[in-house]
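Each remark here refers to the structure printed beneath this line.
The values are calculated or read from the model by the stated rules, or taken from the named source; none is laboratory data. This structure is a prediction, so every number in the text was calculated from the model and none was measured. Positions of Cβ are backbone-derived with ideal geometry, glycine not excepted, and every protein chain shown enters the neighbour counts. When the accessible area is computed, the model is the full protein with side chains, heavy atoms only, and any ligands, DNA or RNA have been set aside. Shrake-Rupley method; radii C 1.70, N 1.55, O 1.52, S 1.80 Å.
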Amino acid sequence: MSASSRSIWSLAWRESRTARRRLLLYMSSISLGVAALVAIDSFSANIIQSVKDQSRALMGGDLSFNSNKPFPTVIESLFDSLSRNGVSFARVTTFPSMAVVPRTTGTRFVQVRGVTDNYPFYGKIVTEPAGRWTLLQKGPYAIVDPSLLASLNARVGDTLRLNLGTFIIAATVKDIPGAAGIAEMLGPRVYIPARYIAETQLLVFGSIADRAVMAKLPSGVDPDKFLKPFKARLDAQQVRSRTVTQSEMATADAIENLSDFIGIVGLVALLLGGIGVASGVRAFVARKIDTVAVLRCLGASSGQVLSMYVAQAAVMGLAGAAAGAALGVAVQFALPQVLTEILPIDVQVTLVPSAVLTGLAVGGWIALIFALRPLLALRNVSPLQTLRRDTDAEVLRMRWTDAPRIVVNVALLLSVVLIALSRARTPQQGLWMSGATGFAILALAASAAFLSWAARKGLRTGWPYVVRQGVANLYRPGNQTRAVTLALGFGAFLVSTLYLVQNNILRRFTTTAAESRGNVIFFDVQQDQAAGLDSIVRSNGHEVVQMAPVVTMRIAAINGKKVSDMLPVPRGQRGRAGWALRREFRSTFRDKPAASETITSGKWFGEKALKVAPDTGEISMEDGIAKELNVKLRDVITWNVQGVEIPTRITSLRKVVWTRFEPNFFVVFAPPLLEAAPKQYLLLAQVKDPAAVTLVQREVVNRYSNISSIDLTAIKRTVDRIVSRVSIAIRFMALFSLAVAIPVLFSAVSATRRARIREGVLLKTLGATRGQIARILLAEYSLLGVLGGLTGMLLSILGAWAVVRYIFKTPFAPAIVPIAGIAVAIVGLTLLIGLLAGRDVFRETPIAALRDV
């Protein structure tokens, strides 16, 4: 380091003694933004690493094969062949059932999982009492979720009945790989030995079941390379396959998508902090004008002075970023405790140096680049400033053509774009983020300019003096209109946008759940049981809302082209989705649309189609699945309905509200086409008395033990619980955004503190009272608060509309009253901070004005 450099650093250190606390306060505006980036990046990295470490335990093997029907003979032969070559297989069959504990007569909908003796290959299942998992290899035992015992008033050792099968409850599940606590909200899990599934007689024609086969490969074999030769054969038989690598990538993608969404909030908070830094440093520069003038008299060049204060800003900016990084690490260690029940893995929280260093670098750079703009004004301070006193505005004013200012502006713009690109998943997303941020800043700056213009043009001599004085402060030299409007508007924009997104997404669930007409659904109802079930429900005084027939089928051909000729669909190729071509459809038939459906194009079945089955029947298809299959009105789809091929033509497309708790279907047939097909039924009932739900479920199980039922009020409670957790998370982000805005607002107000004190003291000298000065400040900050809150509110409606419409793809409805309340709160916050910052105006004496003349 050269002698001149050492002298600048030494001078900067000595000169900063009187201003370190204030400069650090300004730089703290950046801390919360850095904290958000560090916390999100660290937590995301920890989750992704945990997924990598636990991916085999999450899946239970190296490969998984899934089908919702028994595996075809050709696939079973493949498994037998592979087992002779060192591949081990374990099986899990998952299906719903009603569980009954005879001792307490309690009934409960459960998820039964029949497992083979060697399941799982990876990971350890912990039971309470410990070590009971191996009992599943020895007899008809069941291991259940703890919630099942609580809901049935049962205990370990009780007998559990699943249709015709009986089991002894051996233990409860304490910990199982890949199972989040939220998984058992719909129905508790019951693990039984796979060899006893047949005894339950629950897997009959049309039963819902998922059959999974986990494979353990010999050591050193790559799962992706191993699967490749068999992939086409599996796809042809409509067997889904996944490797542990694919599962790991899917989980990591989901986590990264969540991190990206929250990270955008952190990025905007960081930029908002940068605005706070610029405002605060502007106030700092105004306080240092006299000091700089003295240093210039003592021989310091403008470059040396600028270097000295840039060094101070760099150090303090780094200190603010370091404080934010420390806070981010603390938040990162707390996040797993909050999200334990939602995450499907055990997150191993460790310090992520790369995230901390990135936060320090980005935060320090943003603080420095935003501080440079006002610091450049120090070059305008001349030695003559010690003899004659220009206004702060005259000293701090810089020409637009000033070369250093242009360089700093370009660097600032490029910094924002580069940071956005580094945070985004794609360059397009990064550019959209940058453009949206720039648009918000320009809109806020334009509104501030409009307010100044309107204040100048609209001021009337007939207004009370204190109002005229407060309004005039909005356009006088050295006004704080732009700085405060940016800080307020950005804060209001962030908070209101988060609230609107939350309100629209959660409203989609809560509103549609409330609109559902029934609260108990019965399924796996055989044809000869439908009338009896209907009778039980009605005889107990309950309403049968809907009885829907269900027919299972697959697509055989589209417009004459067989599905086997369309599979497999090459990755990334546009066209028909492979999953939609391979899936088994559970379709229905009826003569009119359901309450949860709306015809979007075409027409419902005509009178002729409702009476006679033509050679090519009519179907109505849901919009989304039609897009996945790349089909349109008048296209012909041939269905394989349990071995019988039925050609149909699409005559209408429907929009379905899937979140309503009612039977909904991708495909609806004209009745004559499927009336003779083997079918099951779904029955939706309205049981108004919550206590009667258990009674009717028990009566149905006692008569038809294979029929399962779900109390939809329990699902609604589950949805409410999830909604509540999401609301808490979003409210936290909203409060976090507001917390960022507060120090930024303080910095913005401080930027004109010197001018406000001078004006206040002069007014006191001319005879103004403290009350009059307070009302002047009240008028000024009221207008600033209204402008900032209103502009932020309007921007938030636009931003939330774009997020809800294009990211979540749901209809948008602005919640005017709540965001107006947020705007009012912002106005109140502005008044509070403005009056707190104005305390110095009240304290100063008139003699101070004379000293400054």
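Listed by chain and number, the lysines placed with their C-alpha closer than 17 angstrom to that of K228 are K216; residues fewer than eight positions away on the same chain are left out.
As a calculated quantity, the FRET efficiency between K174 and I441 at R0 = 51 Å, using C-beta atoms, amounts to about 0.45.
Label points 7 Å out from Cα along the Cβ direction at L351 and T291: separation in nm? It is 3.3 nm.
Determine which lysines satisfy two conditions relative to K69: a Cα distance under 17 Å, and not lying fewer than 8 residues away in the same chain. Output for K69: K679. Rounded to the nearest 10 square angstrom, W453 shows an accessible area of 150 square angstrom against a 1.4 Å probe.
Say a paramagnetic label sat at a point 7 Å from the Cα of K225, along Cα to Cβ; which residues of the stretch 78-110 have their backbone N under 20 Å from it? Flagged as within label range: 82-83, 85-88. With the highest mean first, a sort of the peptides 365-376, 811-822, 458-469, 547-558 on other beta-carbon atoms found within 10 angstrom per residue produces 365-376, 547-558, 811-822, 458-469. Taking a straight line from the alpha carbon of K611, these lysines sit under 19 Å away, with near neighbours fewer than eight places off in the same chain left out: K592, K603.
Label positions at L798 and D565, each projected 7 Å from the Cα along the C-beta direction, are separated by 5.2 nm.
For L421 and R242, the FRET efficiency from 1/(1 + (r/R0)^6), where r spans their Cβ atoms and R0 equals 35 Å, is about 0.65. Rounded to the nearest Hz, the phi-derived 3J(HN,Hα) couplings of the stretch 81-98 under the Karplus curve 6.51 cos²θ - 1.76 cosθ + 1.60 (θ = phi - 60°) are 5, 5, 5, 6, 10, x, 8, 9, 10, 10, 10, 9, 10, 10, 8, x, 6, 9, where x marks glycine and proline.
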